[in-house]
Amino acid sequence: MIGVEDWAEVRRLRRVEGMAISAIARELGIARNTVKKALASDRPPKYERPAKGSLVDVVEPQVRELLASCPTMPATVIAQRIGWEHSLTILKDRVRVLRPYYLPPDPATRTAYEPGHRLQCDLWFPPVEVPLGAGQVGSPPVLVMVSGYSRMMFALMLPTRQGPDLIAGHWALLTSMGAVARELVWDNEAAVGSWRAGKPKLTEGFEAFRGVLGVGVHQCRPRDPEAKGLVERANGYLETSFLPGRVFTGPGDFNAQLTDWLLLANRRQHRALGCRPIDRWAVDRDAMLTLPPVAPQLGWRARVRLARDHYVRVGSNDYSVDPVAVGRFVEVVADLQQVTVRLGSKVVAEHARCWARWQTITDPAHNAAALASSHAAAHRPPPPPADEVEQRDLGTYDAAFGLTEVA
């Protein structure tokens, strides 16, 4: 057998130089028959070692029998059942090859996306510590949306994964898009919905939100990550391309850097599309539904009677309120940035939303007003004495009702 270089040279001398077989043999110093075989072969020579038998060949019928009875049987259990005393690696390799023949088929269907049809949504928890204030750090959830047709990515960090914050995050991202897809794709996120008795069931808050938008919500079945593979891959892309080397001073800084990065990410060449996501966005957005003219009710809302300590609780934090509203019903509204308390149409408190937990946020004006009211109440003059009331003899009533005895 000649080498690959000699084989290539034989063919070159024959086809380019037009040399005869005997001349090629003399030129290269090889036999005529070897030259003939090289010219007759359409591929270079390749040395192949004859396959030798494996130790597993002897026990393969037993392995197949065990897999037929239980296709998911671990290789370690199979080794115990057949009394395997050799390397476990070669047995695992053979079991890995044989097992698919006994497992039921479980193919994953490829989803085709029409313009404006679907937005895949998910929560990504970045493995990085973000300062939240009050000396606390954490990894708040990031709401990630990916449009099926254009592959445009949108993302926003939220204070919590609870329903009011999640719905407010949806509205913030949809407002930045200027439209909403005809269907949102979600997994079994507790604030969105879950599968009960074999049927998907949305939470009351998310059902009302999708009703205002006029869109559908597709809830993936449990343990089916392929159903929203676009956003799952986007989460991995964020983790490997956005996070490395970045330092954040707070949630606001995180969202600012994320917004700047998304402008670049949506302009990268997408291998599966053969173009940039931004190049498809105009067609995708034009096929979506328009947003409702009136924004839905967003964030945390509660109507409570203000206690004497003049604080209201949102999440795990307490926010001060003007003590003028003590004892009266106030409306508490909190979105992603601000907490507002109203007494009728009057605003009696405004605070920036605190991302840390178990904090007390006090407005100095509220504290001063409470101290003034407390001082005034402590130094209030006593009430004037009441006028003396004549006390009638009880015998008069007895005589009036004829209850006296005559001697």
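The values are calculated or read from the model by the stated rules, or taken from the named source; none is laboratory data. It should be emphasised that the depicted structure is a prediction, and the values quoted were computed from it without experimental measurement. Ideal geometry is used to build each Cβ from the backbone, glycine not excepted, and the neighbour counts take in all protein chains shown. What goes into the accessible areas is simple: the full protein's heavy atoms, side chains included, and nothing from ligands, DNA or RNA. Shrake-Rupley method; radii C 1.70, N 1.55, O 1.52, S 1.80 Å.
Residue-by-condition table, conditions (1) at pLDDT 80 or above; (2) farther than 30 Å from residue 325 by Cα; (3) among the polar types (S, T, N, Q); (4) exposed (fewer than 10 other Cβ atoms within 10 Å of the Cβ):
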{"residue": "350", "(1), (2), (3), (4)": "yes, no, no, no"}
{"residue": "356", "(1), (2), (3), (4)": "yes, no, no, no"}
{"residue": "362", "(1), (2), (3), (4)": "yes, no, yes, no"}
{"residue": "389", "(1), (2), (3), (4)": "no, yes, no, yes"}
{"residue": "393", "(1), (2), (3), (4)": "no, yes, no, yes"}
{"residue": "397", "(1), (2), (3), (4)": "no, yes, no, no"}
{"residue": "401", "(1), (2), (3), (4)": "no, yes, no, yes"}
Name the helices (runs of 4 or more DSSP H) wholly within the stretch 229-340 that hold at least 2 residues that are among the polar types (S, T, N, Q) and open to solvent by less than 80 Å² (accessible area, probe 1.4 Å)?
251-265
Just a yes or no: is a residue in the stretch 39-58 modelled with pLDDT of 85 or more, out of contact with any Ser or Thr (no Cβ under 6 Å at 6 or more places or on another chain) and surrounded by fewer than 12 Cβ atoms within 10 Å (Cβ to Cβ)?
yes
Among (1) open to solvent by 30 Å² or more (accessible area, probe 1.4 Å); (2) in contact with a strand residue (DSSP E or B) (Cβ under 8 Å, 6 or more places away or on another chain); (3) assigned to a helix (DSSP H, G or I), where does residue 208 come up short?
(2)
Selection from the stretch 184-202 of residues open to solvent by 60 Å² or more (accessible area, probe 1.4 Å) and aliphatic (A, V, I, L, M) yields 190, 197
With surrounded by fewer than 23 Cβ atoms within 10 Å (Cβ to Cβ) and small (Gly, Ala, Ser) as the only criterion, which of 176, 150 stands out?
176
Name the strands (runs of 3 or more DSSP E) wholly within the stretch 69-183 that hold at least 3 residues that are more than 26 Å from residue 334 (Cα to Cα) and touching a strand residue (DSSP E or B) at 6+ places or on another chain (Cβ under 9 Å)?
118-124
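Pick out the one residue from 134, 181 that is open to solvent by 50 Å² or more (accessible area, probe 1.4 Å) and among the hydrophobic types (A, V, I, L, M, F, W, C).
Testing whether each residue is open to solvent by 50 Å² or more (accessible area, probe 1.4 Å) and among the hydrophobic types (A, V, I, L, M, F, W, C) leaves just 134.
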For residue 380, work out the one condition from (1) of a type in the set (D, E, K, R); (2) out of contact with any strand residue (DSSP E or B) (no Cβ under 8 Å at 6 or more places or on another chain); (3) modelled with pLDDT of 95 or more it doesn't fulfil.
(3)
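Kindly check whether there is at least one residue in the stretch 348-370 that is without any contact (Cβ under 8 Å) to a residue 12 or more places away in the chain and of a type in the set (S, T, N, Q). Break it down into steps so the answer makes sense when it comes.
Residues of the stretch 348-370 without any contact (Cβ under 8 Å) to a residue 12 or more places away in the chain: 364, 368.
Among the residues that remain, those that are also of a type in the set (S, T, N, Q) are: none.
Checking the stretch 348-370: not a single residue is without any contact (Cβ under 8 Å) to a residue 12 or more places away in the chain and of a type in the set (S, T, N, Q).
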Mind counting the residues in the stretch 219-228 that are open to solvent by 80 Å² or more (accessible area, probe 1.4 Å) and in a helix (DSSP H, G or I)?
1
Residues within the stretch 59-78 that are open to solvent by less than 40 Å² (accessible area, probe 1.4 Å) and more than 45 Å from the chain's Cα centre (by Cα), tallied:
1
